[in-house]
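FYI, it's all coordinate maths here, none of it is from the lab. Computed from a predicted model, the values in this text were never measured in an experiment. Here the Cβ positions follow ideal geometry from the backbone for every residue, glycine too, while neighbour counts run over all protein chains shown.
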Amino acid sequence: MNSELILAIESSCDETAAAVVERGRVIRSNVISSQIDLHTLFGGVVPELASRHHIGNIVPVVDAAMKEAGVGFGDLEAVAVTAGPGLIGALLVGTSFAKTLAWAHGLPLVGVNHIEGHICANFLEHPDLEPPFLCLVVSGGHTHLVLMKDYGEFEIIGRTRDDAAGEAFDKIARAVGLGYPGGPKMDRAAKDGDPARYEFPQAHIDGAPYDFSFSGLKTAALNLMHHAEQVGEEISVPDLAASFQAAVVEALADRAMRAVEEFGQKRLVLAGGVAANSCLRQTLEERCRAAGAELVKPSPVLCTDNAAMIGAAGWYRYIKGQTVGLDLDPSANLKLGDMP
Ligand code: KG4
Ligand code: ZN
């Protein structure tokens, strides 16, 4: 069937998602079932619970995506599924289900790297976007500056040496009592805060101008809280959120804009859950404009985990003939650019 339709499945963390995507560019349906309420009770994602809930959610979520797109399995050209990185139990649910569908309906199977998916989310809303381009990928587990040279071809020019940007937001949000999921809560709290109230250090790594480090920033925020507690001072949560967010955004924008200049880029592509951050979006928008470059970014709903992005990435792997067998083995640590 040359329908150019892919059914994509994503289950690497705490969202069970399925989507039908046409030619890697057009969303026919995009269904996301979030487990936020469940994990909120525990202050973070509990892997075992996430897997169990994927098991319960995957059939209705795939069903809803097929119905919303108005297609049957006979209309599909392939099935794509996130094969890593992520929580292994969670990945196993999605990959097992995708394999079963591929086997039962005689469809080719494509294993997709989750981070590649985040980058390819941009193809869904920017029809003219084609590689090569420079991309800042900021998620809960990864912070990379990447040159996407061609479909499926990546060169990482900078990466975090310790925490990912999203992880730093989540940890500080938890420490100040904002809870899970931390990033969006910090973003919201920061809107009422003064970003100049607390000062945070900026890390610079000798000889690695594009690498990031957020652990010093995180420790500084935790020390500030402990010190305030010891001397009986009250910390302003909005001010702390705004100041911490400003420091994270500065670190990201500094490297990204340096790379835009150094590599002579006319555009910067943004991707990953933290790309939904309002301060990061606005700051990069302004700096790109000043540098004569265009900022390309997904809508917030396509920044965080979804299956449409897996359908976009999966399509470009599929048309290169890069399908996988039914022995596909998901990998918790799959590296960007590596095939599952
Ligand atoms: O890409 P993603 O949905 O999942 C991973 O692949 O990791 O990213 C989730 C991360 C979390 O750390 C979450 O707190 C962060 O993205 N995030 C945000 C915002 N929305 C999500 N961080 C800052 N501001 C936001 N608005
Ligand atoms: Zn993600």
Report summary line: Evaluated at 37 °C and 0.692 mPa s, the Stokes-Einstein D of the chain based on the Kirkwood radius over Cα pairs, in µm²/s, stands at 161 µm²/s
Report summary line: Exposure-ranked with fewest Cβ neighbours within 10 Å first, CYS288, CYS135, CYS279, CYS120 stand as CYS279, CYS288, CYS135, CYS120
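Nearest 500 deg cm²/dmol is fine: what mean residue ellipticity at 222 nm does the chain get from its DSSP H runs of n ≥ 4 alone, each adding -39,500 (n - 2.57), divided by its residue count?
-13500 deg cm²/dmol
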Report summary line: The longest stretch of the chain containing none of the chymotrypsin sites (Phe, Trp or Tyr not before Pro) that sit in a DSSP loop with at most 16 other Cβ atoms within 10 Å is 43-262
Query - Separation of the ARG197 and LEU326 label points, Cα + 7 Å toward Cβ, nm - result: 5.9 nm
Report task. Calculate the length of the line joining the C-alpha centroid of the stretch 55-86 to that of the stretch 115-166, in whole Å. Result -> 24 Å
Requested in this report: Count the lysine pairs in the chain whose Cα atoms lie under 26 Å apart, taking only pairs 8 or more positions apart in sequence or on different chains.
Outcome: 21
Query raised in the report: Dipole size in debye (nearest 20) for the chain around its Cα centre, Lys and Arg Cβ +1, Asp and Glu Cβ -1?
Result: 360 debye
Query raised in the report: How large is the charge dipole for the stretch 217-295, taken about the Cα centre, if only the Cβ atoms of Lys, Arg (+1) and Asp, Glu (-1) carry charge, to the nearest 20 debye?
Result: 480 debye
